[in-house]
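The values are calculated or read from the model by the stated rules, or taken from the named source; none is laboratory data. Quick caveat, the model's predicted, so the values are computed rather than measured. Glycine also receives a Cβ, built like all others from the backbone with ideal geometry; neighbour counts cover every protein chain displayed. Areas reflect the complete protein model, heavy atoms only, side chains present, ligands, DNA and RNA absent. Shrake-Rupley method; radii C 1.70, N 1.55, O 1.52, S 1.80 Å.
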Amino acid sequence: MSEQHSATPEAALHALVKWTLRGFVDDDVDAVRWLQALPPRTLFDVDERLRSWWAPRQNELLSSVQIYQGASLEVRAAALFLAGCDGNGHTREAALRTMRSVPSHLTLSCALLRCNDWVAEVRAVAQEVVLSLLGQCAVHHVLAAWPIVVRLRNAQRIDRAWLQDTLFGWLASPSRQQVLEGLLGHPDARTRLAAYAIALQTHQDRAALRAHALGDSDPHVSYQALTDLLRHGTPMDIDRLCPLALSAPSARVRGAALRALVEREVAGLDAHIEAAAFDRSRGVRRLAAWLLQQRQARPAIALWRQELQPPGRGRWREALAALADHAEAEDVPALRARLPQVSARHQRNCLRGWVRAEGGAGLALLRVALEMPGRTVNAMLDSANALWVAELDPPRLLAFCHDGPSPVACVGLLRLLPRLPLWQHLDLLLDAMPQREDERAWHLQLAHDWLRRSEQYSPLGPARRQALVSRLEAGRHALPEAVAAQVLLAVRQA
C-alpha cells in the first residue's frame, strides 16, 4: 500500500480503508459509506471477523490516520474503527487513544466494543475513551451507537458495575434528557426497552410516558409500562390508563389490563369486558367470555351470534373468529351462508366453526372445503373426524365428478380417500355403478388410485378375502376386465 502515500490524504486513507475491507465489500462499493451505514449488530460481526485474522501484520491504518490529518472526519473515523479491531492489542489500545479527537458514532461504537476486550489494559482505556467521546459526540451519534451498550449487558468480560453505574448512570442524568428521549423512539426494540427502564424512574411526567409506552409496537416495552403503572402508579392514573391499555398492540398487555380493571371494579367494567369479547386475540376473547359468564351468567356466544346477524357490523371479523372456536350445531346455517361472502382468511374461520359445530367434517362441508385449496384447509380436514366417510355412498362418490366440484376438489378427494380402510375403500368402488361417460372415467381413475395404494399392508381375514375374490371372479362390479384382474391379484396377494 506504499503507493497510496503519493495520493491526497482523503484518497489515500479511503483506499486503505477499502483495502482493509476487501472480502466485505465489492469493488464498486464505497467502503467508507458502507461501514458508516452498518447497523450496530453488524459492527459486532465485522469486529469479530477482522480480529480472526491471526497472522501478524503491520497495520498501516493507525499511522496513516496520524499522517493524513487533512482527511475528512468520516474517513478517519472509519480507519480508526478498523484499527481498533486489529488482532494486536497494542494497536487496539493506540487506536483507542487516537479516537478521543475523532468523535463519531463509529469511534464511539468501537470504544464500546473494546470495553469487552479480552485484554484488561485495553478495556481500561476503552472505558475512558467512551466517557470522553460521550462528552463530544452529537446526539445522533450517541443514538446510533447505543444499541451496542444494550447488547454489552450480556457480554462476558464487561465491567458490569461500570456499565450499570457509570454508563447507564450517564444516561439517567437530567442533562442527558435529549439523548434519553431520542432512545425512546429508537428503531431497535431492545434499545427502547432499556431506555424506558430508565425513563420510567426519572421522567418528570411518568403518566404521559406510560401512556406513550403502552402503545409501543414491542410487547416487552408496553408490558414494562403496564407493570410500572400497576406497581407505582396512583389509583387515578391506573383507572385512566388501564382502559387505554385495552387497545395496546400486545395481547399480553390487553389481557393484563383487563384483569387489573376487574380487580379494581372500575366504572363501566361490563362495557370493557364486552368490548374485549371481540378482541383480535383468542386469549383475550376467552378471558372476556369467562368474565361474562362469571359476572353476568351471560354466554359470550350470544354476543358473537348477534354481531353476525345482517346487516353486518364493524366487529363481524372478530365475531366470526370467536364463533369458530365455540360454534354449536345451530351456528352451521349462519356459517355456511357467510362462507361465499368473505375472503379466504375468513372462509377458513367459517369452515373451522362448521367442523367444530358438527364434531367433524361432514360430506357437505367436505365438498365446500375441497374447493378451497390451501395448507390451512388441508390441515384442518386432516385433523377433523371423518364424518364424511359415513355419508360417502357409491352414488355420491360418482356424482363427485359432475355435481358441482371442480377438478381441484376431485384431486382433494383423491388425497383424502386413502384415509378410508383399504378394503372398505375397495367395497365402495365395487358397489359404484357408473352410467355416464364422465362417471366411468372418474371411476376408473379411482380404481387406479386404489391399486397404487394396495401395495401397502392392510390385514385381510380369510372370510372377507374369499368374498372379495368370489365377487371379482363373478364380475359383480363395473370395473374394466384388465383393471378387475389387477384388483383380484392384489386381493389374493394381501
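For the range 138-149, the count of residues that are among the small types (Gly, Ala, Ser) and either within 22 Å of Ala12 (Cβ to Cβ) or assigned to a loop (DSSP other than H, G, I, E, B) (or both) is at least one.
Within the range 325-346, no residue satisfies the criterion of being over 20 Å from Leu303 (Cα atoms) and surrounded by 22 or more Cβ atoms within 10 Å (Cβ to Cβ). Within the range 130-145, the set of residues being open to solvent by 10 Å² or more (accessible area, probe 1.4 Å) and within 33 Å of the chain's Cα centre (by Cα) comprises Val139, His140, His141, Leu143, Ala144.
Report yes if some residue within the range 250-257 is more than 26 Å from Ala322 (Cβ to Cβ) and touching a Cys at 6+ places or on another chain (Cβ under 8 Å); otherwise report no. No, there is no match, as no residue in the range 250-257 is more than 26 Å from Ala322 (Cβ to Cβ) and touching a Cys at 6+ places or on another chain (Cβ under 8 Å). Which is surrounded by fewer than 18 Cβ atoms within 10 Å (Cβ to Cβ), aliphatic (A, V, I, L, M) and outside any helix (DSSP H, G or I), of Ala161, Ala155? Answer to the selection: Ala155. Among the residues of the range 394-422, the ones that are buried (at least 16 other Cβ atoms within 10 Å of the Cβ), assigned to a loop (DSSP other than H, G, I, E, B) and not hydrophobic (A, V, I, L, M, F, W, C) come to 1 in all.
Working carefully through the options Ala275, Ala213, Ala256, find the one that is touching a Ser or Thr at 6+ places or on another chain (Cβ under 7 Å), of a type in the set (A, V, I, L, M) and either in a helix (DSSP H, G or I) or touching a residue at least 40 places away in the same chain (Cβ under 8 Å) (or both). Walk me through it before giving the result.
Values: Ala275 fails: touching a Ser or Thr at 6+ places or on another chain (Cβ under 7 Å); Ala256 fails: touching a Ser or Thr at 6+ places or on another chain (Cβ under 7 Å).
Going through Ala275, Ala213, Ala256 in turn, the sole match is Ala213.
Residues checked against (1) surrounded by fewer than 18 Cβ atoms within 10 Å (Cβ to Cβ); (2) within 27 Å of Leu320 (Cα to Cα); (3) over 32 Å from the mean Cα position of the chain (by Cα); (4) in contact (Cβ under 8 Å) with a residue 60 or more places away in the chain:
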{"site": "Arg352", "(1), (2), (3), (4)": "no, yes, no, no"}
{"site": "Leu363", "(1), (2), (3), (4)": "yes, yes, yes, no"}
{"site": "Leu366", "(1), (2), (3), (4)": "no, yes, no, no"}
{"site": "Glu371", "(1), (2), (3), (4)": "yes, yes, no, no"}
{"site": "Gly374", "(1), (2), (3), (4)": "yes, yes, no, no"}
{"site": "Leu392", "(1), (2), (3), (4)": "no, no, yes, no"}
{"site": "Asp438", "(1), (2), (3), (4)": "yes, no, yes, no"}
{"site": "Trp442", "(1), (2), (3), (4)": "no, no, yes, no"}
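Among residues of the range 300-317 that are under 15 Å from Pro333 (Cβ atoms) and among the small types (Gly, Ala, Ser), none has a Cβ under 9 angstrom from a residue that is modelled with pLDDT under 95 and surrounded by fewer than 18 Cβ atoms within 10 Å (Cβ to Cβ) at a sequence gap of 6+ or on a separate chain.
Evaluate the range 451-463: report whether one residue or more is acidic (Asp, Glu), without any contact (Cβ under 8 Å) to a residue 60 or more places away in the chain, open to solvent by 50 Å² or more (accessible area, probe 1.4 Å) and not in a helix (DSSP H, G or I). Yes, the conditions are met somewhere in the range 451-463. Only one of the numbered conditions (1) surrounded by fewer than 19 Cβ atoms within 10 Å (Cβ to Cβ); (2) assigned to a helix (DSSP H, G or I) is violated by Ala319, and that is (1).
Annotation: Ala195 fulfils all but one of (1) of a type outside the set (Ser, Thr, Tyr); (2) touching a Gly at 6+ places or on another chain (Cβ under 9 Å); (3) open to solvent by 10 Å² or more (accessible area, probe 1.4 Å); (4) within 24 Å of Asp165 (Cα to Cα); the unmet one is (3). On the stretch given as the range 98-129, residues that are under 36 Å from the mean Cα position of the chain (by Cα) and over 17 Å from Asp86 (Cα atoms) total 2. Restricting attention to the range 94-115, which residues are over 11 Å from Ile148 (Cα atoms), touching an Asp or Glu at 6+ places or on another chain (Cβ under 9 Å) and not in a helix (DSSP H, G or I)? Scanning the range 94-115 gives Arg100, Ser104.
Answer yes or no as to whether Arg97 is touching a Phe, Trp or Tyr at 6+ places or on another chain (Cβ under 7 Å), open to solvent by 10 Å² or more (accessible area, probe 1.4 Å) and free of Cβ contacts under 8 Å to residues at least 60 places away in the same chain.
Numbers: touching a Phe, Trp or Tyr at 6+ places or on another chain (Cβ under 7 Å): no; open to solvent by 10 Å² or more (accessible area, probe 1.4 Å): yes; free of Cβ contacts under 8 Å to residues at least 60 places away in the same chain: yes.
In short, no.
Open to solvent by less than 40 Å² (accessible area, probe 1.4 Å) and more than 25 Å from Val150 (Cα to Cα): is that true of Leu50 in this structure? Give the steps one after another, and end with the answer.
Details: open to solvent by less than 40 Å² (accessible area, probe 1.4 Å): yes; more than 25 Å from Val150 (Cα to Cα): no.
Here the answer is no, as Leu50 does not meet what is asked.
Check whether at least one residue in the range 368-375 is in a helix (DSSP H, G or I) and not small (Gly, Ala, Ser), and report yes or no. Yes, the range 368-375 contains at least one residue that is in a helix (DSSP H, G or I) and not small (Gly, Ala, Ser).
Failed condition for Asp86, given (1) assigned to a loop (DSSP other than H, G, I, E, B); (2) open to solvent by 20 Å² or more (accessible area, probe 1.4 Å), with all others met? Looking at each condition in turn, Asp86 falls short on (2).
Search the range 278-303 for residues being hydrophobic (A, V, I, L, M, F, W, C) and not in a helix (DSSP H, G or I), and hand back the single one that is surrounded by the most Cβ atoms within 10 Å (Cβ to Cβ). It would help to see each step written out before you state the result.
Step one: filter the range 278-303 for residues hydrophobic (A, V, I, L, M, F, W, C), giving 278, 284, 287-292, 297, 300-303.
Filter once more, keeping what is not in a helix (DSSP H, G or I): 278, 297.
Working: Phe278: 22, Ala297: 7.
Of everything passing the filter in the range 278-303, Phe278 is surrounded by the most Cβ atoms within 10 Å (Cβ to Cβ).
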